[in-house]
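Below is one structure; the comments refer to it alone.
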Amino acid sequence: MADSEKVAIVTGAARGIGREIVRELLRMGMTVFAVDMKADLLAELPADLGAGEPALRTRVLDVTDGEGFTALADEVAESCGRIDVLVNNAGITRDGLLIRMEDADWNQVIAVNLTSACIGTRAVAKHMIRRKSGAIINMSSYSGLEGNRGQANYAASKAGLIGLTKTTAKELASKNVRCNAVAPGFIQTEMTAVLPQQAKDMALAQIPLKRFGEPADVARAVAFLASDASGYVTGQVISVDGGMHT
């Protein structure tokens, strides 16, 4: 099946990496359901990306809401006849040293970054299994591979996504449903823009390519995993980090 015929769901789609993923999948000709909690930012997507219905459809959703995610997946499958791609990109940070971390900060990061990916995967899997075709891409992180001081909750959630990815790949392979992860390093987004300059300088010193990544760098890796070009790739983690993790 041509990539241009595919239907994709992208969470955390309103800005940053998620928005670029939507842009890239639209460029490939896919129909994309852009999902986020931020209704105001979602409303800006059609003008920003130069696309509207039927190619681009926006949905406001709390990705930790299991019933809501299931209803969305059922809606997409019913209206489009298929779900080919799920990108679990939604994520937040609540940084702080572990010994000072509040339970609420731990629980919220795990819920949004990790549990929502499990919820989303379950919601779309039945539709993909029925068609014996599909690609699920989870957004992990360099922090999930290496750990990072002050990010115990974030690193744990992103490491958990890797375990979820590899297990999902093994469980769904017999149904021709693939699952992979992308692990970005330091990418210039709204999330990283607020970091102090000292932290940015320290990060840059660790990057062999000596530059920060752009959201488009990550989006192109996701596009590959969503495409037929990666049809024999499953259970893998692709690092997009300028060589930080080798």
Need the full-extension length gain, ASP65 to GLU53, defined as separation in residues times 0.36 nm minus the C-alpha distance. One decimal, nm. 1.8 nm
Per GNM of the chain with C-alpha springs under 10 angstrom, the most fluctuating residue out of ALA205, ALA14, ALA51 is ALA205
From the Cα centre of the stretch 56-104 to that of the stretch 193-238, the distance in Å is 21 Å
Set Lys and Arg Cβ to +1 and Asp and Glu Cβ to -1, take the dipole of the chain about its Cα centre, and tell me which of MET139, ALA111, PRO54 lies farthest positive. MET139
Computed lengthening from GLN188 to ASP95, 0.36 nm per intervening residue step minus Cα-Cα distance: 31.7 nm
Non-local amide H neighbours of VAL237 (under 5 Å, H modeled in plane, Pro and chain starts lacking H): which ones? ALA181
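Compute the longest continuous run of the chain that contains no exposed trypsin sites (Lys or Arg not before Pro); treat a site as exposed when its DSSP state is not H, G, I, E or B and it has at most 12 other Cβ atoms within 10 Å.
Looking at the chain, 1-131 is the longest stretch - no exposed trypsin sites (Lys or Arg not before Pro) with at most 12 other Cβ atoms within 10 Å.
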Inter-probe distance in nm under a simple model that places probes 7 Å from Cα toward Cβ, at GLN108 and TYR232: 4.6 nm
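For ASP201 and LYS175, FRET efficiency with R0 = 51 Å and r from the beta-carbon atoms, rounded to 0.05? Don't jump to the answer; show the numbers that get you there.
Values: r = 47 Å, r/R0 = 0.92.
Computed FRET efficiency for LYS175 and ASP201: 0.60.
Note down the relative contact order for the chain as a percent, whole number, built from C-alpha pairs under 8 angstrom at least six residues apart.
On the way: 493 pairs, mean separation 47.9, N = 246.
Computed value for the chain: 19 percent relative contact order.
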Can you tell which of CYS118, CYS80, CYS179 shows the greatest fluctuation in a Gaussian network model of the chain with Cα springs below 10 Å? CYS80
Show the residues, 5+ positions off or on another chain, whose built amide H is closer than 5 Å to the amide H of ARG178. GLY134, ALA135, ILE136
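List the DSSP H helices in the chain whose Cα atoms stretch 20 Å or more along the helix axis and whose mean Kyte-Doolittle hydropathy is at least -1.0. List each step's numbers first, then the result.
Working: long enough: 66-80 (21 Å, 0.16); 116-131 (23 Å, 0.03); 152-172 (29 Å, 0.06).
Qualifying helices, which must be both long enough and hydrophobic enough, are 66-80, 116-131, 152-172.
About the Cα centre of the chain, how large is the charge dipole given +1 on each Lys and Arg Cβ and -1 on each Asp and Glu Cβ? Please answer in debye to the nearest 20.
720 debye
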Along each principal axis, Cα extent of the stretch 1-99, largest first, Å: 51, 29, 25
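So what's Rg/Rh here for the chain, counting alpha carbon atoms and using the Kirkwood radius for Rh? Can you show the working numbers first?
On the way: Rg = 17.1 Å, Rh = 18.0 Å.
Result: Rg/Rh = 0.95.
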Compute the Cα gyration tensor for the stretch 109-210, then decide on rounded, prolate or oblate, letting a ≥ b ≥ c be the square roots of its eigenvalues: rounded whenever a/c is under 1.5, prolate when a/b is larger than b/c in the other cases, and oblate in all that remain. prolate
Summing -39500 (n - 2.57) over the DSSP H runs of n ≥ 4 in the chain and dividing by its residue number, what mean residue ellipticity at 222 nm do you reach, to the nearest 500 deg cm²/dmol? -14000 deg cm²/dmol
Placing each pseudo-label 7 Å from Cα in the direction of the beta carbon, GLU75 and THR167 end up separated by a distance in nanometres of 2.9 nm
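A short reminder: the numbers here are calculations on the coordinates, not readings from a lab. This structure is a prediction, so every number in the text was calculated from the model and none was measured. Using ideal geometry, Cβ is built from the backbone for each residue, glycine included, and neighbour counts are taken over all protein chains shown.
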